[in-house]
Amino acid sequence: MTYINKLDGDRIFLSLSQKEDLNLYNDWLNDFEINLTFGRSHIVFNEEKQAKYIEDYNNSDDKFFFVIVKKGNTSEDEQAIGIGLLYDVDFVHGKATLGLLLDKSFQSEGYGKEATNLLLEFSFNILNLNNVMLYAIDFNEKAIAMYETLGFKIIGHRREAYHINNKVYDEVYMDILKKEFNEINN
C-alpha cells in the first residue's frame, strides 16, 4: 500500500488515512487494553462506524486524522502502527487537542514520542497554533512521563473522572506552548 507522507520523521511519517486500513483501525479501536488507556473500553466500533468517524475527520476544518506509518526500505515495507489526531482545532485562539494511539507491539520503543513530536510540529509550525493540550488517565504513567519529556506540563486534573474495573482514576490535563516546543526543538 502506498501511504501519503504529509510530515516526515526519522523512523516514521504521518500519512493521510487509507480505506485499506479500516480493519486495522477497527482492531486498535476495539482492543480492550488500548482503549482502557483512553477510558473507552466500553465503546465498540465496526467498519462502517469507523469509516464514518474517519470521514468526519477528513471532512472537517477543525480535526485532523493521521496514520502513523513506520518507514520501510520500500513503500511495500511501510507499516501503519498507529493513529495521531488533532481535534477541537481553534484557529482564532490558536489551540487544539492532541490524541495518540499506538499498536501495542510498537509501544515503549520511541514511536509515540516521535509521532507526538511530528503532530506538534504540524500544529505549531504548519497550522501556526500556540497551545496544544492533551489528556491522559492517571494510571497511564508511562504516557504522562513521555509527554513531559517533550515539554508538556500538567495543568490540572479532573478528579475521579473514570470508573474502570471498580477503581476510580483522575483525568490528567497537559499542554505545551509553541515557544516551549520551539525552544526544545531548535
_Environment charge of residue 61, counting only residues whose C-beta is closer than 15 Å and scoring Lys/Arg +1, Asp/Glu -1_ = -3
*Give the accessible surface of the chain per residue, rounded to a whole number of Å², with probe radius 1.4 Å and ligands, DNA and RNA excluded.*
55 Å²
*Residue order for 105, 60 - accessible surface, 1.4 angstrom probe, largest first*: 105, 60
*Got a number for carbon plus sulfur as a percent of the chain's accessible area, 1.4 Å probe?*
46 percent
*Over 23 Å between C-alpha atoms is what I'm after, so list which of 63/113; 71/113; 63/142; 52/167 land there.*
63/142; 52/167
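Would you kindly state how much longer the chain becomes between residue 77 and residue 142 on full extension, computed as 0.36 nm times their sequence separation minus their alpha carbon distance, in nm to one decimal? Don't jump to the answer; show the numbers that get you there.
Working: separation 65, 0.36 × 65 = 23.40 nm, distance 2.88 nm.
The span from residue 77 to residue 142 would gain 20.5 nm if fully extended.
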*Can you list the aspartates and glutamates whose alpha carbon is less than 20 Å from that of residue 179, not counting same-chain residues fewer than 8 positions off?*
90, 114, 121, 148
_Going by average Cβ density within 10 Å per residue, which order do the peptides 5-13, 130-138 take, highest to lowest?_
130-138, 5-13
*Whenever you get a sec, line up 108, 123, 17 from highest to lowest accessible area (probe 1.4 Å, protein heavy atoms).*
108, 17, 123
*Report the relative contact order of the range 5-185, percent, no decimals, based on alpha-carbon pairs under 8 angstrom and at least 6 residues apart.*
17 percent
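At a Förster distance of 30 Å, what's the computed FRET efficiency of residue 56 paired with residue 126, Cβ-Cβ distance as r, to 0.05?
Once the sixth-power term is evaluated, E becomes 0.90.
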*Would you list, by chain and number, the aspartates and glutamates whose Cα falls below 19 Å from the Cα of residue 49, excluding same-chain residues fewer than 8 positions away?*
20, 21, 27, 31
*Per-pair calculated FRET efficiency, R0 = 30 Å: residue 16 and residue 168 via Cβ, rounded to 0.05*: 0.20
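The values are calculated or read from the model by the stated rules, or taken from the named source; none is laboratory data. Keep in mind that this is a model prediction, so the values were computed, not measured. Cβ sites come from the backbone with ideal geometry, for glycine too, and all protein chains shown count toward neighbours. Protein only, heavy atoms only, side chains kept; ligands, DNA and RNA dropped before computing areas. Shrake-Rupley method; radii C 1.70, N 1.55, O 1.52, S 1.80 Å.
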